[in-house]
Each structure stands twice: as structure tokens, then as C-alpha cells.
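Only one structure is covered here, and it is reproduced in the block below.
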Amino acid sequence: MQLHPQFLAAVKSCLPVLPGVFAFGAISGVAMVAAGMPHYMAMAMSVLVYAGNAQLAALQLVTSGSPLAIAILAALVINLRFCIYSLSITPHLAAAGPRWRPLLSYLLTDNGYAITLRGYERALGAADKVWYYFGCSVAIWVTWQLGTLTGVLVGARIPAGWHLEFSIVLTFL
């Protein structure tokens, strides 16, 4: 099976940011385990929510005793920027069709958005734009999940006495 050339071009364009994505995912995984979250739940949150800053903010609020509704509201407010990103990128992804839109919206990230728009500075056809976005987004998603899994596995081995709760604050710096 041969991948679309724009998918591969996008993956190549994403390579410089992937170490940072991996590190942020790993820190998130460690933070979730340090907060007492079971491994399976940490990975489920990573896959289902897939919004690093929102995940960590919600985790920080829940572990500090805030009501769950406040944590969810904070996560939603933090992710409001994705509404603006979506409005901006939608015209470029019109060729994707309605069946692909839920997946493409799920995969939207800060890095993926920025790298994709930069890639769109080149003359690309409508279908090429979709493949470019998809390639970039998949590369970031896979790297995030691997980083989170690494953090979850490493975090389980770190003694509780190390008090890694501050790692959540570090990710926002």
C-alpha cells in the first residue's frame, strides 16, 4: 500500500515538533498516574479527550477538590480556540465530505493547525489539502498517544514520595 504523497509530505513537515508532542504527552501520562488515575483511565482520557492542556487543567482541578462540573467547564473554555481554528480551516477541508469531518475535527490540534496552514501556502488541490491535514494530524496523534503511554508506564514506577503533582504546572509554563 502506498500512502498519498501529501500525507507523507505532512508527516515530514511535522517531524520537528514531534519530540515536543511526545514529551508533553509523557508529562501528561506521568501527571495522570501521579494524581492516582488508573492506567486504563489515563489512556482512555488521552484517546477520548485528546486535548492536552484541557486534560491537565481538568486533572488539576479535580485533584484539588473542585467539583467535576467546574473541571469540565474549564476544559471547554480552554478548548474554545478550536472553534476559531475550525472556522479557519474548514474551507480547505471541504473536499473531505461529511463522513470524514468528525475524524478530522477530532484530530485538530494547535501544532497540526499551524503546520497545515503553513503547508497550504504551497499550491495544493482540494484533495491534496485534506491528505496534508490528515497526515500531519495522524503523526501528531500517534506521537501524543505513544508519549502518554510512556508517561503512564514510567509514572507507575515513580515513587509517590517524589510528589510530581507540580508537573502539571510545568506543562503550562
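The values are calculated or read from the model by the stated rules, or taken from the named source; none is laboratory data. Note that the structure is a prediction, hence the values are computed from the model and not measured. Neighbour counts run over all protein chains shown; Cβ positions are idealised from the backbone, glycine included. The protein model used for the area step is the full one, side chains on, heavy atoms only, and it has no ligands, DNA or RNA in it. Shrake-Rupley method; radii C 1.70, N 1.55, O 1.52, S 1.80 Å.
Accessible area per residue, 1.4 Å probe, Å², for segment 24-168: what's the number?
Numbers: 7500 Å² over 145 residues.
On a per-residue basis, 52 Å².
With a 1.4 Å probe and every protein chain kept in, tell me what percent of the accessible surface of segment 1-72 is carbon plus sulfur.
On the way: 2720 of 3700 Å².
Whole-percent figure for carbon plus sulfur exposure: 73.
Note down the Stokes-Einstein diffusion coefficient of segment 1-124 in µm²/s, whole number, using a Kirkwood radius over alpha carbon pairs, 10 °C, and 1.306 mPa s. Please report the intermediate quantities before stating the final value.
Values: Rh = 16.4 Å.
This corresponds to a translational diffusion coefficient of 97 µm²/s.
How would you rank 38-45, 79-86, highest first, on the average number of other Cβ atoms within 10 Å across their residues? The partial results should precede the final answer.
Numbers: 38-45: 15.2, 79-86: 13.2.
Those peptides, ordered most packed to least, come out 38-45, 79-86.
To the nearest 10 degrees, how steeply does helix 68-78 sit against the main Cα axis of the chain, on a 0 to 90 scale?
Approximately 40 degrees, to the nearest 10.
Per-residue HN-Hα couplings for segment 5-20, Karplus 6.51 cos²θ - 1.76 cosθ + 1.60 at θ = phi - 60°, whole Hz, x for Gly and Pro?
With coefficients 6.51, -1.76 and 1.60, one gets x, 6, 4, 5, 4, 5, 4, 4, 5, 7, 3, x, 8, 4, x, x Hz.
How much length is gained if the chain between LEU15 and ARG118 is pulled fully straight, taking 0.36 nm per residue apart and subtracting their Cα-Cα distance, in nm to one decimal?
35.7 nm is the gain from fully extending LEU15 to ARG118.
Determine the distance separating the Cα centre of segment 114-140 from the Cα centre of segment 39-67; give it in Å without decimals.
Result: 29 Å between the Cα centres.
Pop a pseudo-label 7 angstrom from the Cα along the beta-carbon direction at both GLN2 and THR90 and give the gap in nm to one decimal.
Simple spin-label model gives 3.6 nm for this pair.
Show me, for segment 24-30, the HN-Hα J-couplings you get by feeding each phi into the Karplus relation (A = 6.51, B = -1.76, C = 1.60, θ = phi - 60°), rounded to Hz, glycine and proline as x.
5, x, 5, 4, 4, x, 4
Would you look at the GNM of the chain, springs on alpha carbons closer than 10 Å, and say which of LEU76, LEU87, LEU146 moves the most?
LEU87
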